Amino acid sequence: MTAAPASADGKVDGPDNNNQPKPPVSMSTVGGAKLGRAGTQVNLGAGAPVLPKQLSGRSWIVADAESGAVLASHNAHWRLPPASTLKMLFADTVLPKLPKDQVYKVAPTDLAGVGAGSSLVGVKENLKYSVHDLWLGVFLRSGNDAVHVLSEMNGGVPKTVKDMQKHAEELQALDTQVVTPDGYDEKNQVSSAYDLTLIARSGLQKKDFREYCATVTAKFPGDVKQTKEGEKVEKDKNGDPKRDSFEIQNTNRLLTGAPGVATYKGIAGVKNGNTTHAGATFTGVAERDGRVLLVTVMNPSSTEGQAVYQEAARLLDWGFSAAGKVTPVGELVPPKSARLKASPNPTAVGADSAGVGVATEPAKFAATNGEGTGGVGTALAVVGGVLVVLGGAVFLVNRRWPLPDLVRRRPRE
């Protein structure tokens, strides 16, 4: 298990640090040998700022979402309970399988497996919901009820768990063991800061994933509208009784703000979590001056209010200041289906391996505050034609899986 991370002055921040669990001696080295070492890993160059002092997460990582370079890490491969950040893997696995306009009537058995004390969006049995509505419930309210309904639509919870595990292996997220699709505390359900960052990077390739994770508020279907005695029940265009709706807000505090937490400039998602066993967990993505960073923080021990967000914001600030002034300590590896091949003539990612890429303007993205059930809350878009060169090598993609440096700014819809 882990000690609290060392700060720039050699001190640690957090209560009873001598009693904190310590990381295992041996951890995975996927992405580089240094990422398998316990403690903080960073290679500061000339002019690079030191790491923030107030860091108490058991595990954290800061990476360039475009190049995959890991700028700094702390116990990156420590396998820890992920809480609801595991919903990123659920979404990345299941979201492409279900048409967003598909409508489903919830059976009582669909909600039977939701764990006690789960976060809920308010899905009701015997009522109909669109897939789009259910994904809003997953991303904004971290609704385990919505997760279980979507899992049933995917063939059931056991099948969904198997699908998620298979997808994690494809992404080379090998620290991840899936037991439930919603991240609810279960024995042997673990992931790592490294894996969660890989998963987020994969999810951000999907337009709907980007829009849902960056949506600030939305309307969610409620109960059937009540009528007075003798009044006819109003019907919608499908002939179903009209229903009330209520507003839901994203639980990502760097996206929405909260007492003591400022909205982070350039934030565009991704997912937060919190359970008794996992503590607070968070993976975020942000853009500043054309640079896109991913950060994951797991289980800070600090007594500071909203510590997981505060520490994530500090790491993002550091990453934006340190980029170009540090030597990476590792990399975010590509999926197994992406072949790595050295080439003097890079192929554009997103094109066929025989295609020719043409470089375009620098990649950018930014978040906007979307409202309503349209799910539009992000200014992320994927375009082709950008050359991807990492360490003298090129990703030749066997399927159309654009890497994050193909993400550009698009107008708000």
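What to note about this one:
- Ellipsoid equivalent to the stretch 47-203 - semi-axes via the Cα gyration tensor, in Å: 31, 15, 15
- When the solvent-accessible area of the stretch 139-283 is split by element, carbon and sulfur atoms take up 48 percent of it, the probe being 1.4 Å.
- Segments 253-265, 195-207 sorted - mean Cβ within 10 Å per residue, highest first: 195-207, 253-265
- Peptides 146-159, 44-57 ranked from most to least packed by the mean count of surrounding Cβ atoms within 10 Å: 146-159, 44-57.
- Extension gain, Thr276 to Leu127, is 50.5 nm, computed as 0.36 nm per intervening residue step minus the present C-alpha separation.
- When peptides 178-189, 236-247 are ranked by their average number of other Cβ atoms within 10 Å per residue, the highest-first order is 178-189, 236-247.
- Length added when fully stretched, Ala112-Val25, from 0.36 nm per residue minus Cα-Cα: 27.3 nm
- Largest first, the three principal axis extents of the alpha carbons in the stretch 150-292 are 60, 40, 31 Å in whole numbers.
- The amide H of Ser192, built 1.01 Å from its N in the peptide plane, has Leu80 as neighbours under 5 Å, considering only residues 5 or more places off or on other chains.
The values are calculated or read from the model by the stated rules, or taken from the named source; none is laboratory data. Not measured: the values here are computed from a predicted model. Cβ sites come from the backbone with ideal geometry, for glycine too, and all protein chains shown count toward neighbours. To get the accessible areas, we keep the full protein, side chains included, count just its heavy atoms, and leave off ligands, DNA and RNA. Shrake-Rupley method; radii C 1.70, N 1.55, O 1.52, S 1.80 Å.
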